[in-house]
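Working notes, beginning with the structure itself.
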Amino acid sequence: MRALPRERTLGLLKLDLLLRDAFVAGRGAGLHPREFLLLWRLAEEPGVTVPPSELRSDVWRLAFRPETNSLAVHVSRLRAKLRVAGLDGLIETRADGGYRLADEMLRPALNLTDDPAMANGGLDAHLRLGKEAAKTNQQDNEQCAS
């Protein structure tokens, strides 16, 4: 069994599993637990539509369709918080009723291409982004030390 990563970084968006919050350019979004879990689930596969039944199962652990619009309400509140954080339009509603993260918004920041190795958010893109950030941090530290 594979352990979950502690963080997911998609461009300016960083999700921290231990803190259960999203950070945009270093600022916390103040997500509620279900909002965080929804975003975490959608961030597993940016650009891939996740059906409502899957979200209910993964986030609420429900195997049936409840007679409420709880999912839509939570997505609406999550969108509002992302809008305030500068990520308006990140969550899309698809024609089939599912939701997805708009990978077009993330593509420039992640340097994604149509290369199959980069599909679903691309581990290679995440690793490259992490290396670039580490290099920038090292350069900043060297400048501060001199």
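Could you work out the pair-distance distribution P(r) of segment 1-60 from its alpha-carbon pairs, with 5 angstrom bin width and percents rounded to whole numbers?
4, 18, 28, 25, 18, 6, 1
Given charges of +1 on the Cβ of Lys and Arg and -1 on the Cβ of Asp and Glu, with all other atoms neutral, how large is the dipole of segment 53-112 about its Cα centre, in debye to the nearest 20?
Details: 10 positive and 8 negative charges, 42 e Å.
Result for segment 53-112 is approximately 200 debye, rounded to the nearest 20.
Using a Förster distance of 35 Å, how high is the FRET efficiency between residue 19 and residue 64, based on the Cβ-Cβ distance and rounded to 0.05?
Numbers: r = 31 Å, r/R0 = 0.89.
The calculated FRET efficiency here is 0.65.
Highest mean first, what order results for 17-23, 57-63 on Cβ atoms within 10 Å?
On the way: 17-23: 15.7, 57-63: 13.7.
Packing order, densest peptide first, comes out as 17-23, 57-63.
Read-outs throughout are calculated quantities, based only on the coordinates presented, and are distinct from any laboratory measurement. What you are looking at is a predicted structure, and each value in this text was computed from that prediction instead of being measured. For neighbour counting, all protein chains shown are included, and Cβ atoms are generated from backbone atoms with ideal geometry for every residue, glycine included.
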